[in-house]
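Worksheet: one structure, shown below.
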Amino acid sequence: MSNPTHPPAVGVLDQGPELTFPPGFLWGAATAAYQIEGAAAEGGRTPSIWDTFSHTEGRVVSGHTGDVACDHYHRMPDDVRLMAELGLKSYRFSVSWPRVQPGGTGGVNQEGLDFYRRLVDELLANGIEPWLTLYHWDLPQPLEDAGGWPVRDTAGRFADYASLVADAVGDRVKYWTTLNEPWCSAFLGYGSGAHAPGRSDGADSVRAGHHLMLGHGLAVQALRAKLPQAQLGVTVNLYPVTPASDEPGDVDAARRIDGLANRFFLDPLLRGSYPADLTADLAEVTDFGHVRDGDLEIISTPLDLVGINYYSRHVVAAPVAGEEPDKYWRAPSCWPGSEDVRFVTRGVPVTDMDWEIDAPGLVETLRRVHEEYTDLPLYVTENGSAFVDTVQDGRVDDVDRLAYFDAHLRASHEAIAAGVPLRGYFAWSLMDNFEWAWGYTKRFGMIWIDYDTQARIPKSSARWYAEVIRRNGLAAQ
Ligand code: IFM
């Protein structure tokens, strides 16, 4: 690590026998372009929907933008050095579409592609496997102006973009994720409007979800044709959805939210169909006329792996007249056709995002995907927590985050023991960064960022994670 005077955090690692992960388990950390790169107007990059959104008053807390972020664009080699000191086996990053194909159509921007070529080279030189995500929410603004994801043509543009990235770095990148968390792009972007582009229309959000998956399928086909050796997948954010009680109304609320949060994506991607109960729930929102013959075959084009982002659980209940709706991802407008479902808090410990900490939910989620959907290798492509951190004597002792990682790694191990082919785990996030509508007010990083000086301080969780990676496991409790 960059400051060797600080010893690794101790704790559970020092007790008992090892809880060992399978050989070759891919230990990683993840970030996303708009959240860390900065250099928003440099090197030929043009605006994405997140530039427009964050520069629109009232959209992001305190008017924060990704203009500078962690300045990773200029500090990339130093950041890769930090990753190497951590012992990361893999680094999951995303490519900024408007940096490599300004405008989202037509020619490439070589200067933008060069940045990712250098990043990939730097990672490989440090023995770190690059894991590339094509779309982590930064749609080029001109494509949004032409209708965005609710419009079918955007799917085709995405496949073209995938192709040009494959041409640039396909010889050196083995792992590819098409989309990151299409639920967020569709339902936060076009449903509640809490995320860019900030539109709020139930039918558009459903159309967006479909066209995101269509773009995924077309991109997989394009990548497969160019890169037969690559490992191709998609990342979905999944939640166990639990009814607040056994009452039929609560059980039905759980079915509905599970449909929108999980099965809306899992079923088309892995089974080639939409669940019948989901389309029935959405009947008053859309007639699914946007789904054309052949779409579901494209969407379910065979994959090599599935990425799962896991953070928390949803506990839901039947509506109660007169109750105030919650905010953000619990906002009614995120759940077209099921706006009246209540999200219940159970009083268990939460993170700084107010998300309940529920490590058993990760076991449940991994087992469900494996047992109900697929034998494909699974990867936890994101898992992590925001907490309020403070720097004291040059150190950030983030015990809560460390405990969160510890609990979720134990859950990952439990899932493997139960037969889940879990092949890797990526901590979210490598470093503090722009947390979307929350700006820089929420810190998820294992590395502290001082946004005034851009100084980096590996937190206790980073030292602890480095030791987990080195030992390929934790101590059994
Ligand atoms: O910061 C985000 C990330 O971009 C996508 N997954 C969830 C993280 C925490 O909210």
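With respect to ALA166, determine if the residue is in contact with a Phe, Trp or Tyr (Cβ under 6 Å, 6 or more places away or on another chain) and either among the aliphatic types (A, V, I, L, M) or open to solvent by less than 10 Å² (accessible area, probe 1.4 Å) (or both).
It is false that ALA166 is in contact with a Phe, Trp or Tyr (Cβ under 6 Å, 6 or more places away or on another chain) and either among the aliphatic types (A, V, I, L, M) or open to solvent by less than 10 Å² (accessible area, probe 1.4 Å) (or both).
Which count do you get for residues in region 456-477 that are part of a loop (DSSP other than H, G, I, E, B) and open to solvent by 10 Å² or more (accessible area, probe 1.4 Å)?
Of the residues in region 456-477, 3 are part of a loop (DSSP other than H, G, I, E, B) and open to solvent by 10 Å² or more (accessible area, probe 1.4 Å).
Could you tell me whether LEU378 is touching a helix residue (DSSP H, G or I) at 6+ places or on another chain (Cβ under 9 Å), more than 23 Å from GLY193 (Cα to Cα) and surrounded by 19 or more Cβ atoms within 10 Å (Cβ to Cβ)?
Criteria met by LEU378.
Hey, among the residues in region 381-404 that are without any contact (Cβ under 8 Å) to a residue 60 or more places away in the chain, open to solvent by 80 Å² or more (accessible area, probe 1.4 Å) and assigned to a loop (DSSP other than H, G, I, E, B), which one's farthest from the ligand (Cβ to nearest atom)?
Only one residue fits best here, namely ASP393.
Could you check, for region 265-272, whether at least one of its residues is within 16 Å of the ligand (Cβ to nearest atom) and within 18 Å of SER185 (Cα to Cα)?
For region 265-272, residues within 16 Å of the ligand (Cβ to nearest atom) and within 18 Å of SER185 (Cα to Cα): present.
For region 434-450, what are the residues that are away from the ligand (no atom under 13 Å from the Cβ), part of a loop (DSSP other than H, G, I, E, B) and free of Cβ contacts under 8 Å to residues at least 60 places away in the same chain?
Once the filter is applied, which keeps residues that are away from the ligand (no atom under 13 Å from the Cβ), part of a loop (DSSP other than H, G, I, E, B) and free of Cβ contacts under 8 Å to residues at least 60 places away in the same chain, region 434-450 yields only ASP450.
Just to be sure before I move on: is ARG172 open to solvent by 10 Å² or more (accessible area, probe 1.4 Å), within 18 Å of ARG207 (Cβ to Cβ) and more than 16 Å from the ligand (Cβ to nearest atom) in the structure I sent?
Criteria not met by ARG172.
Need the failing condition index for VAL341 against (1) open to solvent by 40 Å² or more (accessible area, probe 1.4 Å); (2) within 26 Å of THR279 (Cβ to Cβ), just the number.
Status for VAL341: all satisfied but (1).
From the set of residues in region 48-88 that are among the basic types (Lys, Arg) and surrounded by 16 or more Cβ atoms within 10 Å (Cβ to Cβ), which is farthest from PRO142 (Cα to Cα)?
ARG75
Quick one: what pairs do we get from region 26-39, first residue over 22 Å from TYR379 (Cα atoms), second modelled with pLDDT of 95 or more and within 9 Å of the ligand (Cβ to nearest atom), C-beta under 7 Å, 6+ apart or different chains?
Correct list of pairs: TYR34/TRP137; TYR34/PHE434; ILE36/ASN433.
Filtering region 410-433 down to residues that are within 16 Å of the ligand (Cβ to nearest atom) and either touching a helix residue (DSSP H, G or I) at 6+ places or on another chain (Cβ under 9 Å) or part of a helix (DSSP H, G or I) (or both), which residue is nearest to ARG199 (Cα to Cα)?
ASN433
Inspect all residues belonging to region 446-465 and state whether any of them is of a type outside the set (Asp, Glu), within 18 Å of ASN309 (Cβ to Cβ) and under 18 Å from the mean Cα position of the chain (by Cα).
Yes, region 446-465 has at least one match.
Residues being open to solvent by 20 Å² or more (accessible area, probe 1.4 Å) and within 22 Å of TYR116 (Cβ to Cβ): count how many of those fall in region 149-163.
Number of matching residues: 3.
Within region 414-435, how many residues turn out to be over 16 Å from ASN309 (Cα atoms) and open to solvent by 10 Å² or more (accessible area, probe 1.4 Å)?
Adding up the residues that qualify gives 5.
Scanning region 28-39 for residues that are farther than 8 Å from ALA69 by Cβ and crowded, with 22+ Cβ neighbours inside 10 Å, which turns out nearest to the ligand (Cβ to nearest atom)?
Across region 28-39, the extreme among qualifying residues is ALA32.
Considering region 116-140 alone, what residues qualify as being under 19 Å from ASN180 (Cβ atoms) and part of a helix (DSSP H, G or I)?
TYR116, LEU119, VAL120, LEU123
The values are calculated or read from the model by the stated rules, or taken from the named source; none is laboratory data. These figures come from a predicted structure and were not determined experimentally. Backbone-built Cβ (ideal geometry, glycine too); neighbour counts: all protein chains shown. Please note that ligands, DNA and RNA were not included when accessible areas were found on the heavy atoms of the full protein model with its side chains. Shrake-Rupley method; radii C 1.70, N 1.55, O 1.52, S 1.80 Å.
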